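Encoded as structure tokens, the structure appears first; notes follow it.
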Amino acid sequence: MTAVVATNETILVVGGGISGMTAALEAAETGKRVVLVEKRPYLGGRVSQLYKYFPKLCFPTCGLEINQRRAKQNPNLTILTMAEVTGLTGDKGNYRATVKLSPRYVNANCTACGDCAKAVTAEFDDEHNYGLGKRKGAYLPYRMAHPARYVLDPAIIGTPDAERAKAACRYDAIDLDMQEETIDFPCGAVIWATGWKPYDAAKIQPYGYDRFPNVITSVEFERMADPTGPTGGKLVRPSDGKEAKKVAFIQCAGSRDRNHLLHCSRICCMASFKQCTYVIDAFGTDARINVYYIDLRAIDRFEDFYQKVRANQNITFIKSKPASITQDKDGSPVVHGVDTEGYQRFAEPHDLVVLAIGMEPSVDPASFPVPIVLNREGFIETDSANGGVFAAGGAADALDVNRAVQHATGAALRAIQVVNSVARAEV
């Protein structure tokens, strides 16, 4: 059984993405005991699925490695992966959390050698690559996964593949008898950092995401550009593997729309500008890029980056919310719409269309363990009615990584204040 040492001065952090890691580490490094719960088999969240940050075009691996090192070195931090909070009772300063732990079927003896993956044959859609590629039934979620421990897909348990994985392991790390566990422990404050999820592009019917293979989302394009991703960093058409030299980026795909997401996610423009550089880097002067937009938002320090991208002669900005996408006989997606600056209709074919989809909060009000105040977009509001539950990062608003980290630090401070008041009351 998994044991957690906790008191009502413990802070529970739900979600192990960049916001959850930040909040947990900041609190733990002040001396507070912290339990970090993450439903995936690893920490890092959406940031681990990025190729580069904007505007400096640096790699997230550096920051992730630093946070992982901080986590490994801090004795105040308990990390539970493949775990979900299923219950929370009590009130501010005196909660009791119930957490469900799903079996990993791999214990702490794992050295991440990969022999189990070589032994199994079953393959599944790779969640880390948004289903663009396949992974084995025994897998390391991605190369920098923390904890650096393989996972067995529950679908292979009870099959010959599971036995092959166990036989291949030289370290007795495969435990096919692992069972689901439920644990409960006290805590004084909760930081909800469950992040965001990409809006379902299939709901935007006129754009044909679920019908045309060469219409993809911005998060999928990000994985495609990564050399560790499903195409080895090659920008190609999913339909036939041909180089995607002419690319359309459609902004506000499902955002600022009463039929989809009401809000602006703030990051989409900058993410598309960043991805324009991927196409330029790949194809140079052969690249042809059209950016279709309603408005362009690049505030503060991002303005210089936007101007640099806009000055590139291979990139054309077209003020338009495209009406629809069709597909020609060669499988090329054709973008239809009206240029609202010249009021001219267009039907422009491309090798690839990238939908800049918005950030939807991962907060599920129906399954939230305690009453919580949400705004109309579904993000957690800052409200005294939430008691000792505080939102961090993407659970609170659509934020870029930098602002999410700042927000998480603030949430950690508020949670520390709560458990400090508990400590003072007990003196």
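Here, each number is a calculation from the coordinates, and none is a lab measurement. These numbers were taken from a predicted model, which means no experiment stands behind them. Virtual Cβ from ideal backbone geometry, glycine too; neighbours counted across all protein chains shown.
With the convex hull drawn over the C-alpha atoms of region 238-295, the volume per residue is 92 Å³. Fully extending the segment from I299 to C58 would add 84.8 nm, taking 0.36 nm per residue of separation and subtracting the current Cα-Cα distance. From largest to smallest, the equivalent ellipsoid semi-axes obtained for region 78-157 from the alpha-carbon gyration tensor read 30, 14, 12 Å. Sorting T194, T98, T285, T217 from the fewest to the most surrounding beta carbons within 10 angstrom yields T285, T98, T217, T194. The base-10 log of I(q)/I(0) for region 200-358, evaluated at q = 0.13, 0.14, 0.21 Å⁻¹, reads -0.56, -0.65, -1.59 [Debye formula, identical scatterers on Cα atoms, solvent excluded]. Working from Cα pairs under 8 Å separated by at least six residues, relative contact order for the chain is 20 percent. Counting other Cβ atoms within 10 Å as a rough exposure proxy, the listed residues M359, M144 run M144, M359 from fewest neighbours to most.
Just to confirm the filter: which trypsin sites (Lys or Arg not before Pro) across region 273-354 are DSSP coil and have at most 14 other Cβ within 10 angstrom of their Cβ?
Counting only loop positions with at most 14 other Cβ atoms within 10 Å, the trypsin sites (Lys or Arg not before Pro) in region 273-354 are K329.
Among the helices of the chain, none built from whole DSSP H runs has Cα atoms reaching 27 Å or more along its own axis together with a mean Kyte-Doolittle hydropathy of at least 0.5. FRET efficiency for the K329 to A108 pair, using the beta carbon distance and R₀ = 56 Å, is estimated at 0.50. Strictly over 27 Å apart at the Cα level, which of K118/K246; K197/K274; K203/K321 would you flag in this model? Those over the limit are K118/K246. In straight-distance terms, cross-link reach from K136 covers every one of the aspartates and glutamates whose alpha-carbon lies under 14 Å from its own, apart from those fewer than eight places away in the same chain; here that gives D115, E123, D125, D126, E127, D153, D161. Mean residue ellipticity, 222 nm, helices only, the chain: the sum of -39500 (n - 2.57) across DSSP H runs of n ≥ 4, divided by residue count and rounded to 500, is -7000 deg cm²/dmol. Considering only beta bridges that DSSP places wholly inside the chain, some 50 percent are antiparallel. Here the Kirkwood formula, the inverse mean of 1/r across different C-alpha pairs, assigns the chain a hydrodynamic radius of 23.1 Å.
Placing unit charges on the Cβ atoms only, positive for Lys and Arg and negative for Asp and Glu, gives region 115-168 a dipole magnitude near 220 debye about its Cα centre.
Loop-resident GluC sites (Glu not before Pro) (DSSP state other than H, G, I, E or B) in region 331-392 with no more than 10 further Cβ atoms inside 10 Å of their Cβ: E341.
Distance between the pseudo-spin-label points of A202 and R310 (7 Å out from Cα toward the beta carbon): 3.7 nm.
Straight-distance candidates among the aspartates and glutamates for linking to K100, with alpha-carbon spacing under 13 Å and chain neighbours fewer than 8 residues away dropped: E38, E84, E180, E181, D184. Qualifying trypsin sites (Lys or Arg not before Pro) in region 136-199, where qualification requires a DSSP coil assignment and no more than 12 other C-beta atoms within 10 Å, comprise R143, R170.
Here the gap between S421 and R69, fully extended at 0.36 nm per residue and compared with their Cα-Cα distance, gives a gain of 123.7 nm.
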